[in-house]
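Asks: Would you mind keeping the following structure in view while I ask a few things?
Quick note: the coordinates plus some simple rules give every number you see, no bench work behind them. Computed from a predicted model, the values in this text were never measured in an experiment. Methodologically, a virtual Cβ is constructed for each residue, glycine included, from the backbone with ideal geometry; neighbour enumeration extends over all protein chains shown.
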Amino acid sequence: MSERIAVVTGGNTGIGYEIARGLALNQMRVVLACRDLSKAQNAAATLRSEYEPPIDVLHLDLASFRSIRAFAEEYAERFGRLHLLINNAGVFSDRRAYTKDGFEQNMGVNYLGTYLLSRCLFPLLSASKGARMVTVSSRAGLYGRIDWRQPFCGPAGFRGYAASKLAQIWMTMDFAEEMSGQDIRINGVFPGRAATNIWRGDSFMMKLMRPLMLRFSQSPVACAQVALRVALAPDAEIKSGMTYNAKGPITGNKRLDDIMGRKRLLCLTKSFVDG
Ligand SMILES: NC(=O)c1ccc[n+]([C@@H]2O[C@H](COP(=O)([O-])OP(=O)(O)OC[C@H]3O[C@@H](n4cnc5c(N)ncnc54)[C@H](OP(=O)(O)O)[C@@H]3O)[C@@H](O)[C@H]2O)c1
């Protein structure tokens, strides 16, 4: 039972797939938590053909609180322990769309869904020695503004995406504070821009921007490295409650350090998600 086990949300493709691959290469058992089981099974089959540790697949739709709770229950029943949670899954929704629970898609999936999943898996994480949680945020978060009139039903497009990515970072800081007495490191990462499916929006602006974004992007393999380092580096090299990019921890950023905004969002989140 010395095998270490990781959950990677959205591990079927893009940056998440490369993170899963890096973990398997480092002898971790990996569970791909994905909304499309056939895509996930294909990814798992490829990984199994390359690596020794078991690769499992479980259904998870971050756009549904019900699915998230069902995932956490099934995961606990089947695996019973968790050492590493990689919150990677995310959307860039450039048109107004809503999650099953009625939240704007960017905020609902990237932030609220990720928040609830993390909360549901905390009991397993905190029972493991040297546990870690890594949330794949984005530099876009540095431009994020929460729309306080309607924090979870605000604008779609870049404004919604950036707000959700700022909220993710605040979430990791709050969780790290809450769990500070425990043997767990909780961090966010900015992976860098990768040529992945996330930029598939169909608005006029997106059609214009996509070729440019893809041209000036890195490979998903390169973008997975920051998360892998924060997930796997020795304890002495990794703090908790930080946001890392390829150069190291980001410090002294006014938006990330806005503690009043962070606590206000946490309070609102608790009232919507924790009930
Ligand atoms: N690519 C970039 O330039 C970039 C830059 C900064 C940060 N990021 C972040 O990196 C992460 C990975 O993105 P990527 O670029 O690798 O994009 P991607 O290739 O589109 O992968 C996104 C993953 O999230 C999954 N997903 C989307 N909605 C979901 C939901 N409701 N429930 C469960 N899974 C869901 C997708 O599933 P399907 O395959 O079924 O769609 C896919 O597995 C995201 O959090 C993104 O914000 C990306």
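Asks: What order do you get for 83, 59 when you list them from fewest to most C-beta neighbours inside 10 Å?
Replies: Lowest to highest Cβ neighbour count: 59, 83.
Asks: So, one more: Only Cα pairs within less than 10 Å get springs; with that Gaussian network setup on the chain, which residue of 191, 234, 123 has the largest fluctuation?
Replies: 234
Asks: GNM on the chain, C-alpha springs below 10 Å: top fluctuator among 256, 62, 25?
Replies: Fluctuation is largest for 25.
Asks: So for region 120-275, considering every pair of alpha-carbon atoms, how many percent are separated by more than 25 Å?
Replies: Roughly 36 percent, once rounded to a whole number.
Asks: Separate question: Give me the Å³ per residue figure for the convex hull around the C-alpha atoms of region 1-89.
Replies: Looking at region 1-89, the number lands at 81 Å³ per residue.
Asks: Could you work out the helix-only [θ] at 222 nm for the chain, with each DSSP H run of four or more residues adding -39,500 (n - 2.57) and the total divided by the number of residues, to the nearest 500 deg cm²/dmol?
Replies: My calculation for the chain gives -13000 deg cm²/dmol from helical runs alone.
Asks: Can you list residues whose amide H is under 5 Å from residue 4's amide H, if they're 5+ apart or on another chain and H is modeled 1.01 Å from N?
Replies: HN-HN under 5 Å from residue 4: 29.
Asks: Net charge around residue 249, counting only other residues with Cβ within less than 13 Å of its Cβ (Lys, Arg = +1; Asp, Glu = -1)?
Replies: Spelling it out: positives minus negatives among the neighbours equals +2.
Asks: At most 10 other Cβ atoms within 10 Å and a DSSP loop assignment: could you name the chymotrypsin sites (Phe, Trp or Tyr not before Pro) in region 209-275 that fit?
Replies: Here the chymotrypsin sites (Phe, Trp or Tyr not before Pro) that fit, given the DSSP loop and packing criteria, are 216.
Asks: Tell me the Kirkwood radius of region 7-162: reciprocal of the mean inverse pair distance over distinct alpha-carbon atoms, in Å.
Replies: Averaging 1/r across every pair of different Cα atoms and inverting gives 16.0 Å.
Asks: Tell me the Kirkwood hydrodynamic radius of region 5-274 in angstroms, computed as one over the mean inverse distance between distinct C-alpha pairs.
Replies: Here the Kirkwood hydrodynamic radius works out to 18.4 Å.
Asks: Can you compute the modelled spin-label distance between residue 76 and residue 197, with each label point 7 Å from Cα toward Cβ, in nm?
Replies: The two pseudo-label positions are separated by 3.0 nm.
Asks: Just to be sure I follow the rule: in the chain, considering lysines 8 or more places apart or on different chains, how many pairs have Cα atoms under 17 Å apart?
Replies: 5
Asks: So, one more: Give, as a single signed number, the net charge of other residues whose beta carbon lies under 11 Å from the beta carbon of residue 235, with Lys and Arg counted +1 and Asp and Glu -1.
Replies: Summing Lys/Arg as +1 and Asp/Glu as -1 gives +2.
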